[in-house]
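Read the structure below first, then the notes.
The values are calculated or read from the model by the stated rules, or taken from the named source; none is laboratory data. All values derive from a computational prediction rather than experimental measurement. We place every Cβ from the backbone using ideal geometry, glycine too, and count neighbours over all the protein chains shown. Heads up: the accessible areas ignore ligands, DNA and RNA and are worked out on the full protein's heavy atoms, side chains in. Shrake-Rupley method; radii C 1.70, N 1.55, O 1.52, S 1.80 Å.
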Amino acid sequence: MERTATELGIRSKIVVIEDVLSENDYNHLFNVVNSRTSFPWYFVNHYHNLSMLDDNNDISTHGFVHNFFDDNTVYSNNIGILDPILNKLAEHFDCPVSPVRMKINMTLNVGKQVQQYPHIDKGEAIGNRNFKTAIFYVNDSDGDTLFFSDKETVVHRQTPRRNSLVVFDGETFHAPQLPLVSQRRLVININVILDR
């Protein structure tokens, strides 16, 4: 099921696609990224723009990442689990897509609601009309993704729902919130260029 920006009541080009993967593909992806023995997570302590924080050691800046692909380099043996999502993006845009960067982020509940800084992914792609960003929600959680018309004005909030995908122009400022109720928030971030 797809909802368009008009249905969301905003002017930015944001589309929400629900039930993206078949149940088999979703379960396979979920089981891979939740494997305790074969899926490596890498600790990062700088999810935020550190210049915006009073304390650079604040635990709310901490999280985990697993890079699948970046700068024309495959970093993960598990990259194949993203093929069904890339196929859905190609179907949505009705053209082939070329990945620019693909990664999964895990942010954790730190006991307070924290909004990370508004940003644009892969800034070097700015100006390319065919640059698109997609966020695939791996699990149900709180910790909305906020979308901005500029760096300050929120025009849409998207609550993470398992097996849903939010697709938007690559130049759209967005920011995640940390979960306050859920234990963790798992999202796959995909940046692509449309091959048109």
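Can you pull out the residues in the stretch 79-105 that are touching a His at 6+ places or on another chain (Cβ under 8 Å) and more than 17 Å from Leu165 (Cβ to Cβ)? The answer is none; no residue qualifies. In summary, Arg157 fulfils each of the numbered conditions (1) touching a strand residue (DSSP E or B) at 6+ places or on another chain (Cβ under 9 Å); (2) assigned to a loop (DSSP other than H, G, I, E, B) with the single exception of condition (2).
Scanning the stretch 139-166 for residues that are within 24 Å of Asn31 (Cα to Cα) and in contact with a His (Cβ under 7 Å, 6 or more places away or on another chain) yields a total of 1.
Table: residues versus (1) open to solvent by less than 80 Å² (accessible area, probe 1.4 Å); (2) at pLDDT below 95.
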{"site": "Met1", "(1), (2)": "no, yes"}
{"site": "Leu8", "(1), (2)": "yes, yes"}
{"site": "His28", "(1), (2)": "no, no"}
{"site": "Trp41", "(1), (2)": "yes, no"}
{"site": "Tyr47", "(1), (2)": "yes, yes"}
{"site": "Leu50", "(1), (2)": "yes, yes"}
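Among all residues of the stretch 168-180, there is none that is hydroxyl-bearing (Ser, Thr, Tyr), touching a strand residue (DSSP E or B) at 6+ places or on another chain (Cβ under 8 Å) and more than 20 Å from Val20 (Cβ to Cβ).
Considering the stretch 72-108, and only residues there that are within 13 Å of the chain's Cα centre (by Cα) and either polar (S, T, N, Q) or surrounded by fewer than 17 Cβ atoms within 10 Å (Cβ to Cβ) (or both), the residue that is modelled with the highest pLDDT turns out to be Asn105.
Please specify each residue of the stretch 171-191 satisfying the condition of being within 25 Å of Phe93 (Cα to Cα) and over 12 Å from the mean Cα position of the chain (by Cα). Show your work before the answer.
Here is the first cut: in the stretch 171-191, the residues within 25 Å of Phe93 (Cα to Cα) are 171-176, 186-191.
Answer for the stretch 171-191, where residues must be within 25 Å of Phe93 (Cα to Cα) and over 12 Å from the mean Cα position of the chain (by Cα): Glu171, Thr172, Phe173.
Restricting the stretch 139-153 to residues that are at pLDDT 95 or above and not in a loop (DSSP other than H, G, I, E, B), the residue that is surrounded by the most Cβ atoms within 10 Å (Cβ to Cβ) is Phe147.
Here the stretch 118-138 is the region considered, the condition is being at pLDDT 90 or above and in a strand (DSSP E or B), and the residue that is surrounded by the most Cβ atoms within 10 Å (Cβ to Cβ) is Phe136.
The residues of the stretch 160-196 that are open to solvent by 50 Å² or more (accessible area, probe 1.4 Å) and either more than 20 Å from Ile104 (Cα to Cα) or part of a loop (DSSP other than H, G, I, E, B) (or both), listed by number, are Arg161, Arg162, Glu171, Leu180, Val181, Gln183, Asp195, Arg196. For Phe69, the conditions (1) over 16 Å from the mean Cα position of the chain (by Cα); (2) at pLDDT 95 or above all hold with the exception of (1). Applying a threshold of 8 Å to beta carbon distances and a minimum spacing of six or more residues, or different chains, the list of pairs starting in the stretch 107-125 at a residue that is within 14 Å of Leu146 (Cβ to Cβ) and ending at one that is acidic (Asp, Glu) reads Pro118/Glu152; Ile120/Glu171.
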